[in-house]
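Engineer: A single structure is presented below for examination.
The values are calculated or read from the model by the stated rules, or taken from the named source; none is laboratory data. Just so you know, these numbers come straight off a predicted model, no measurement behind them. Note: ideal-geometry Cβ built from the backbone for every residue, glycine included; neighbour counts use all protein chains shown.
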Amino acid sequence: MTTLESHELREVTGPRAGVLHLLRLRRNPIGHSAWLREHYGSVYRMRVFGVEMYTVTGPEAFERVFVNRDKAFASGPAWSHFIGPFFHRGLMLLDFDEHLHHRRIMQHAFGTDELRRYHALLQPHLRRHLDAWPVGDPEPVRLQRLFKDLTLDLALEVFVGVELDAVERERINRAFVDAVRAGTSLVRRDLPGGVGPWSRGLAARRVLEEFFRDALPAKRRDGGDDLFARLCVAEDDAGNAFGDDAVVDHMIFLLMAAHDTTTTTMTQMAYRLAVSPVWEERCRAEVRAVTDRAGPDPTYDDLLALTDLDLVMKESLRMCAPVPSIPRVATREVELDGYRIPAGAFVTSTPYGNHFLAEVWPDPERFDPERFAPDRREDKVHRLAFAPFGAGVHKCIGMHFAGMQVRAVLHELLTRFRWSVPPGYELPVDLTALPYARDGLPVRLEGTGD
Ligand code: HEM
């Protein structure tokens, strides 16, 4: 970081009609960011979501903003603008010393032993849940919907670890869905009568707080292998632990952070396998080999041996990053790539900007999982060429948890089912908020006959 000589720096410019360009970006994120870069430079600004947003592009700028060694960028005020009322005091909304303090404690709920336990908890629920999938239905089934329900249910079992009757389960799931949806609401205030997504989100937050607060004493007393119980006992190396408020705030945030991201990843992988018969066959063969060796219930370590599935997961994350834009606020005036960023500015960057650079990824639009194979490792061209989980101190703490859950689900799906899409099918992805398949990924679902 150099001392600022403001007169030597370029001022950031950008298009006036920010919303129009936002819509274009959503339709064509890669092509339109290239167009914006060409017209306005490597840093450009647009008024979107009620703020002036400075977009920075390329792996170097990404590293500068997110690795953030000199604390020039804060995460809390940026994310709070979007999701603060519903997810305040979540890990991603904390900064600097306070963030580090919480992260060091939380880290202990995400160690390898913990992941093994979460997987052991997840596996029987997963199998039971998949027993009810509509195999052989003459109508196409929407896989994205099934993945969303599956991850919500697994979250209650593996994250929360409480037995709920169907009504209570529905109430909590509803509250959770409302809280997530509120973050992308266009009307961003509480309306009279509690109508609209924003007001429903606020009500949902109250429901979730009350739910976790009520469940907390028993969880502290009885312990368990679920994430809620592990957060209650997690301690950093100095013996610091979370108080009740922190456990509640973190649980609500963790549920959110884990949900749509893993749903998107599973949907993308299922889609890619459906349209790439070679990879489908490779992954099936690999899964079959694990079953032959280890039996129908793989362990956490068996899942780690699914290397082809891992390549498919990475390539799916490259082509569709579940968190398409990561915001920060500049804590002071800073220089980025020769441009002046004023103190207090909202700055954002997107993994997409890095994931389709032709100089890093030859033929970037092609689905080619071998890019990540040991003899190619295209992701190594730049430390942050591949960044679906972010970078720096806020890098996803649930990255290995996500890998475990996605592998467990895909392993089970490949063991039990075949799914297909019509010839020439392309998944229509909407990038209005987090990416989702506009048509829900309709597939024909059949048993493997094994
Ligand atoms: C494929 C699935 C996932 C993807 C792509 C993903 C992506 C991300 C990204 C990009 C960030 C960084 C945000 C920032 O820098 O502002 C992040 C942070 C975070 N993620 Fe994930 N995530 C996934 C799954 C999960 C899961 C399963 C959990 C929990 C079990 C989780 C918990 C978190 C938390 C707590 C943070 C905040 C970390 C911090 O601020 O220190 N994520 N995630």
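Engineer: Could you grab me the full set of residues in segment 38-94 that are on the phi > 0 side of the Ramachandran plot and over 20 Å from the mean Cα position of the chain (by Cα)?
Structural biologist: The first filter runs over segment 38-94 and keeps only residues on the phi > 0 side of the Ramachandran plot, leaving 41, 49-50, 58, 68, 71, 89.
Listed by number, the residues that qualify are Gly41, Phe49, Gly50, Gly58, Asn68, Lys71.
Engineer: Among (1) more than 26 Å from Arg103 (Cα to Cα); (2) part of a helix (DSSP H, G or I), which single condition is Leu186 missing?
Structural biologist: That leaves (2) as the condition not met.
Engineer: Could you figure out which of (1) assigned to a loop (DSSP other than H, G, I, E, B); (2) under 23 Å from the mean Cα position of the chain (by Cα) isn't true of Gly424?
Structural biologist: (2)
Engineer: Test Gln123 against the stated conditions and say whether it is away from the ligand (no atom under 16 Å from the Cβ) and polar (S, T, N, Q).
Structural biologist: Details: away from the ligand (no atom under 16 Å from the Cβ): yes; polar (S, T, N, Q): yes.
Criteria met by Gln123.
Engineer: Further, regarding this structure: Which residues, counting only those in segment 233-252, are touching a Gly at 6+ places or on another chain (Cβ under 8 Å) and surrounded by 21 or more Cβ atoms within 10 Å (Cβ to Cβ)?
Structural biologist: Within segment 233-252, the subset touching a Gly at 6+ places or on another chain (Cβ under 8 Å) is 233, 249-250, 252.
Asp249, His250, Ile252, listed by residue number.
Engineer: Would you list the helices (runs of 4 or more DSSP H) that sit entirely within segment 287-398 and hold 1 or more residues that are without any contact (Cβ under 8 Å) to a residue 60 or more places away in the chain and within 24 Å of Leu36 (Cα to Cα)? Quick ask: steps written out before the conclusion?
Structural biologist: On the way: elements: 300-304, 307-319, 351-355.
Passing ranges, in order: 307-319, 351-355.
Engineer: I'd like to check something: does segment 387-398 contain any residue that is touching a strand residue (DSSP E or B) at 6+ places or on another chain (Cβ under 7 Å) and more than 18 Å from Ala321 (Cβ to Cβ)?
Structural biologist: First, pick out the residues of segment 387-398 that are touching a strand residue (DSSP E or B) at 6+ places or on another chain (Cβ under 7 Å): 390.
Within this subset, residues satisfying the condition of being more than 18 Å from Ala321 (Cβ to Cβ) are none.
No, because not a single residue in segment 387-398 is touching a strand residue (DSSP E or B) at 6+ places or on another chain (Cβ under 7 Å) and more than 18 Å from Ala321 (Cβ to Cβ).
Engineer: When you scan segment 184-226, how many residues do you find that are in contact with an Asp or Glu (Cβ under 8 Å, 6 or more places away or on another chain) and not acidic (Asp, Glu)?
Structural biologist: Count: 10.
Engineer: Same structure, new question: Could you tell me whether any residue of segment 211-220 is within 16 Å of the ligand (Cβ to nearest atom), touching a residue at least 12 places away in the same chain (Cβ under 8 Å) and buried (at least 17 other Cβ atoms within 10 Å of the Cβ)?
Structural biologist: yes
Engineer: State the number of residues belonging to segment 88-108 that are near the ligand (Cβ under 10 Å from one of its atoms) and in a helix (DSSP H, G or I). Break it down stepwise before answering.
Structural biologist: Taking segment 88-108 and keeping what is near the ligand (Cβ under 10 Å from one of its atoms), we get 90-95, 99-100, 102-103, 106-107.
So of that shortlist, the ones also in a helix (DSSP H, G or I) come out as 91-93, 99-100, 102-103, 106-107.
The number of residues fulfilling the criteria is 9.
Engineer: Same structure, new question: Given (1) in contact with an Asp or Glu (Cβ under 8 Å, 6 or more places away or on another chain); (2) in a helix (DSSP H, G or I), where does Gly136 come up short, assuming only one miss?
Structural biologist: (2)
Engineer: Are any residues in segment 205-253 among the aliphatic types (A, V, I, L, M) and over 26 Å from Gly194 (Cβ atoms), and if so, which ones? Full working, then the answer.
Structural biologist: Quick first cut of segment 205-253, residues among the aliphatic types (A, V, I, L, M) only: 207-208, 215-216, 218, 227, 229, 231, 233-234, 238, 241, 246-248, 251-252.
Result: Leu216, Ala218, Leu227, Ala229, Leu231, Val233, Ala234, Ala238, Ala241, Ala246, Val247.
Engineer: Let me ask something else about it. Looking only at segment 1-46, filter to residues that are basic (Lys, Arg) and either assigned to a helix (DSSP H, G or I) or closer than 22 Å to Arg332 by Cβ (or both); which one of those is modelled with the lowest pLDDT?
Structural biologist: Quick first cut of segment 1-46, residues basic (Lys, Arg) only: 10, 16, 24, 26-27, 37, 45.
Narrowing further to those that are either assigned to a helix (DSSP H, G or I) or closer than 22 Å to Arg332 by Cβ (or both): 10, 24, 26-27, 37, 45.
Values: Arg10: 94, Arg24: 85, Arg26: 75, Arg27: 78, Arg37: 89, Arg45: 94.
The extreme case among them is Arg26.
Engineer: Let me ask another. Restricting attention to segment 245-294, which residues are of a type in the set (A, V, I, L, M) and in contact with a His (Cβ under 8 Å, 6 or more places away or on another chain)? Don't jump to the end; show me each part of the working.
Structural biologist: Residues of segment 245-294 of a type in the set (A, V, I, L, M): 246-248, 251-252, 254-258, 266, 269-270, 273-275, 278, 285, 287, 289-290, 294.
Of everything in segment 245-294, those that are of a type in the set (A, V, I, L, M) and in contact with a His (Cβ under 8 Å, 6 or more places away or on another chain) turn out to be Ala246, Val287, Val290.
Engineer: Something else now. Give segment 229-247 a look and list any residue that's of a type in the set (Asp, Glu) and either over 15 Å from Gln107 (Cβ atoms) or part of a helix (DSSP H, G or I) (or both), or say none.
Structural biologist: From segment 229-247, those of a type in the set (Asp, Glu) are 235-237, 244-245; that's our starting set.
Selection gives Asp244, Asp245.
Each row is one residue, and each column tells you yes or no for (1) within 15 Å of the ligand (Cβ to nearest atom); (2) buried (at least 18 other Cβ atoms within 10 Å of the Cβ); (3) more than 24 Å from Phe389 (Cβ to Cβ).
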residue: His21; (1), (2), (3): no, yes, yes
residue: Leu25; (1), (2), (3): no, yes, no
residue: Asn28; (1), (2), (3): no, no, yes
residue: Tyr40; (1), (2), (3): no, no, yes
residue: Tyr44; (1), (2), (3): no, yes, yes
residue: Glu60; (1), (2), (3): no, no, no
residue: Lys71; (1), (2), (3): yes, no, no
residue: Gly76; (1), (2), (3): yes, yes, no
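Engineer: On to the next question. When you scan segment 404-415, do you find a residue that is surrounded by 19 or more Cβ atoms within 10 Å (Cβ to Cβ) and either out of contact with any helix residue (DSSP H, G or I) (no Cβ under 9 Å at 6 or more places or on another chain) or of a type in the set (Asp, Glu) (or both), even just one?
Structural biologist: There is at least one residue in segment 404-415 that is surrounded by 19 or more Cβ atoms within 10 Å (Cβ to Cβ) and either out of contact with any helix residue (DSSP H, G or I) (no Cβ under 9 Å at 6 or more places or on another chain) or of a type in the set (Asp, Glu) (or both).
Engineer: In segment 443-450, is there at least one residue being acidic (Asp, Glu), in contact with a helix residue (DSSP H, G or I) (Cβ under 8 Å, 6 or more places away or on another chain) and assigned to a loop (DSSP other than H, G, I, E, B)? Break it down into steps so the answer makes sense when it comes.
Structural biologist: Initial filter on segment 443-450 (acidic (Asp, Glu)): 446, 450.
Okay, now just the ones that are also in contact with a helix residue (DSSP H, G or I) (Cβ under 8 Å, 6 or more places away or on another chain), so 450.
After this cut, where a residue has to be assigned to a loop (DSSP other than H, G, I, E, B) as well, the list is 450.
Yes, the conditions are met somewhere in segment 443-450.
Engineer: Filter segment 311-351 down to the residues that are hydroxyl-bearing (Ser, Thr, Tyr) and away from the ligand (no atom under 12 Å from the Cβ), then identify the one that is surrounded by the most Cβ atoms within 10 Å (Cβ to Cβ).
Structural biologist: Keep residues of segment 311-351 that are hydroxyl-bearing (Ser, Thr, Tyr), which gives 316, 325, 331, 339, 348-350.
If we keep only those that are away from the ligand (no atom under 12 Å from the Cβ) too, we end up with 331, 339.
Values: Thr331: 17, Tyr339: 20.
Result: Tyr339.
Engineer: Taking Gly224 as the residue in question, decide whether it is at positive phi and either out of contact with any strand residue (DSSP E or B) (no Cβ under 7 Å at 6 or more places or on another chain) or surrounded by fewer than 20 Cβ atoms within 10 Å (Cβ to Cβ) (or both).
Structural biologist: Numbers: at positive phi: yes; either out of contact with any strand residue (DSSP E or B) (no Cβ under 7 Å at 6 or more places or on another chain) or surrounded by fewer than 20 Cβ atoms within 10 Å (Cβ to Cβ) (or both): yes.
Yes, satisfied.
Engineer: Only one of Asp308, Asp237 is away from the ligand (no atom under 16 Å from the Cβ) and under 17 Å from Ile397 (Cβ atoms). Can you tell me which?
Structural biologist: Asp237
Engineer: Of (1) over 24 Å from the mean Cα position of the chain (by Cα); (2) more than 22 Å from Asp153 (Cβ to Cβ); (3) not in a loop (DSSP other than H, G, I, E, B); (4) not small (Gly, Ala, Ser), Leu273 satisfies all except one. Which?
Structural biologist: Leu273 satisfies every listed condition except (1).
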